[in-house]
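A.B. asks: My questions will all concern the structure given below.
The values are calculated or read from the model by the stated rules, or taken from the named source; none is laboratory data. No experiment lies behind these values; they were computed from the predicted model shown. Note that we place each Cβ from the backbone using ideal geometry, even for glycine, and neighbour counts take in every protein chain shown. Please note that ligands, DNA and RNA were not included when accessible areas were found on the heavy atoms of the full protein model with its side chains. Shrake-Rupley method; radii C 1.70, N 1.55, O 1.52, S 1.80 Å.
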Amino acid sequence: MASWFVGVLFLSTLLLCSADVHHYEFFVRESNFTKQCNTTTLLVVNDSYPGPEIRVHKGDTVFVNVYNQGNYGFTIHWHGVKQPRNPWSDGPEFITQCPIQPGTNFTHEIILSDEIGTLWWNAHSDWTRGSVHGAFIILPAENETYPFPTPDADQTIILQSWYNGDYKQIIDDALAAGVGPREADAYAINGHLGDTYGCPNVDSENIYLLRIINAAMNEELFFTITNHTLIVVAQDASYVRMFTTDYIMISPGQTMDVLVIADQNVGQYYMAIRPFSDSSAAPVDNITTGIFQYRNSEGGLNASLISLPAMNDTDATLNFISQIRYTNVSQNPTINVPADTDINRRVYITIASNTLPCNTSECVSDSRFAASLNNVSFVSPRIDILQAYYGNITGVFTQDFPFNPPIFYDFTGNLTDFNTEAGEGTRAIMVNYGDAVEMVLQTTRLGAGGSHPIHLHGFSFYWVGIGTGNFNNETDPSTYNLVDPPFINTVHSPAAGWVALRFFANNPGVWYMHCHFERHSSWGMSTVLIVRNGTTTETSMRPPPSTMPRCPGT
């Protein structure tokens, strides 16, 4: 349940700022939380769930000193921050750094560039992000304004999955047994599970900017406020052409900025979420609510008045995401979509759920759940790939991720009798600095099928195309939007369909790409994009800080 006072900005008391440099301290440790009549011990930051909010301005630099006062190692990622030339502070475990071990600390240097709006930070080890996460708000630069009516106030809304249990233990047990992890016990809004925990207060005719973050573990979510129109103004820290809607659909990892005008009769109105799924392994179809209350109103509305699309309403999802467009305002970076003639690196990637042999004493059958990109199920190394790449350490990863599926078949057809086994490896996509990349993500019907939210670290990309069925490289590019495609970092790849992305590889370093369904990432639905250094210092990675966490056994 969500409870907040919409008219007040919730500024972190931890913020110490001097000009454009900000310092935070994160103390990560176990704390107890009681919900659903159960007391659960969670790993959290500064004893809060969700964790503290970072709130800075466009172009600032942020230092976050992370102290591990817990029982096991973890890392923290700054989702959607491009970190130009600075992959050392990006955070994914064994990709750009090794875990911060108990009793130690590590200071991240977070370099903001053209990001504007709402992002978030989260742990990036096992399933620890389920309880270790918070908002990362990027306000306009001091000399800039919003490209829409200035809101009277703003409020962060974090959508979550709640488990009665330790998140890391849940996935550890599932992986050991070779089975899927159990479903969430509930969904939450700002850490609350229902609408009985107080109410927010809003003033009539005021404009409120809602900063919505989907921090759920495995659920794409519909969101609405009854009787109110939502005006979408940004996605993934990039302004979009404003449009009105009764609901949004937001994937795990995505953020959306939404204006709401308090222009209804004084009263209480539900805001509500429910999952969207087009998979045969659907999540629990729960509706979770919070209350949007006008000041001095009494009484409430019945939950039956909530109007949300059905959980499997693919038309509602596609209708919503099709409205998202880049907007040419001065606060956005100048649009720079690679043209057809620019493209010199094409990657066609199939997304699948698979199986692999299971041969430990804890296995419940001869096979275990796995997942893959181009039939490669990612194996996490024990030395981080960035260190190995930078230091020319051999045997950690290979540079031969396939640029096309190793076998072509009817990806979206009937695959009932198709061999579902994947190969394993730690294989990287290698590109040169400045390459114009087109990446087509093709979902398949292997396993449970369904959509996938795919996130690329270190970049925002232009989402130029979407379609159903198998991608046709001769006819489908004619449907691309190269005029005003969304500039995002996490994309909804639809079931039995495809999406096309384009970007210039202008950020040297090692960058993780993965499904933001945590169970799929845990099963290997990941890879790494390595952008080689350019020919100058300004087009090459910065050297590593001397304080990088040591890898286990080194």
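A.B. asks: Which pairs turn up if I take residues in region 369-385 that are small (G, A, S) and look for partners that are modelled with pLDDT of 95 or more and surrounded by fewer than 18 Cβ atoms within 10 Å (Cβ to Cβ) with beta carbon separation below 6 Å, at least 6 apart in sequence or on another chain?
C.D. replies: Within 6 Å, the pairs are S377/E424.
A.B. asks: For region 76-90, give me each residue that is polar (S, T, N, Q) and part of a loop (DSSP other than H, G, I, E, B). I'd like the intermediate steps shown before the answer.
C.D. replies: Here is the first cut: in region 76-90, the ones polar (S, T, N, Q) are 83, 86, 89.
Once the filter is applied, which keeps residues that are polar (S, T, N, Q) and part of a loop (DSSP other than H, G, I, E, B), region 76-90 yields Q83, N86.
A.B. asks: Further question on the same structure: Could you list all residues from region 123-140 that are at pLDDT 95 or above, over 13 Å from R211 (Cβ atoms) and either in contact with a helix residue (DSSP H, G or I) (Cβ under 9 Å, 6 or more places away or on another chain) or open to solvent by less than 20 Å² (accessible area, probe 1.4 Å) (or both)?
C.D. replies: Step one: of region 123-140, the residues at pLDDT 95 or above are 123-125, 127-140.
From what's left, over 13 Å from R211 (Cβ atoms): 123-125, 127-133, 140.
A123, S125, W127, T128, R129, G130, S131, V132, H133, P140 - these are the residues of region 123-140 that are at pLDDT 95 or above, over 13 Å from R211 (Cβ atoms) and either in contact with a helix residue (DSSP H, G or I) (Cβ under 9 Å, 6 or more places away or on another chain) or open to solvent by less than 20 Å² (accessible area, probe 1.4 Å) (or both).
A.B. asks: Okay, next question. Checking the condition crowded, with 20+ Cβ neighbours inside 10 Å, touching a His at 6+ places or on another chain (Cβ under 9 Å) and closer than 24 Å to A234 by Cβ, which residue from M439, M513 passes?
C.D. replies: Only one candidate passes the filter, namely M513.
A.B. asks: I'm trying to understand the selection: among the residues of region 350-368, which are open to solvent by less than 70 Å² (accessible area, probe 1.4 Å), assigned to a loop (DSSP other than H, G, I, E, B) and either without any contact (Cβ under 8 Å) to a residue 12 or more places away in the chain or touching a Cys at 6+ places or on another chain (Cβ under 9 Å) (or both)?
C.D. replies: S365
A.B. asks: So which strands (runs of 3 or more DSSP E) stay within region 243-287 end to end and still have 1 or more residues that are open to solvent by 10 Å² or more (accessible area, probe 1.4 Å) and over 20 Å from G180 (Cα atoms)?
C.D. replies: 255-261, 268-276
A.B. asks: Hand me the list of strands (runs of 3 or more DSSP E) wholly inside region 91-209 holding 3 or more residues that are in the same structural domain as V66 (by the TED database).
C.D. replies: Once the strands (runs of 3 or more DSSP E) in region 91-209 are filtered for at least 3 residues that are in the same structural domain as V66 (by the TED database), what remains is 105-111, 117-123, 133-139.
Let's see how each residue does on (1) among the aromatic types (F, W, Y); (2) open to solvent by less than 10 Å² (accessible area, probe 1.4 Å):
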position: H23; (1), (2): no, no
position: K82; (1), (2): no, no
position: C98; (1), (2): no, yes
position: W121; (1), (2): yes, yes
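A.B. asks: Which condition number in (1) in contact with a helix residue (DSSP H, G or I) (Cβ under 6 Å, 6 or more places away or on another chain); (2) open to solvent by 10 Å² or more (accessible area, probe 1.4 Å) is the one that G469 fails?
C.D. replies: Going through the list (1) in contact with a helix residue (DSSP H, G or I) (Cβ under 6 Å, 6 or more places away or on another chain); (2) open to solvent by 10 Å² or more (accessible area, probe 1.4 Å), G469 breaks only (1).
A.B. asks: Only one residue in S322, S251 is outside the structural domain of G465 (by the TED database) and touching a His at 6+ places or on another chain (Cβ under 6 Å). Which one?
C.D. replies: Residue meeting the stated conditions: S251.
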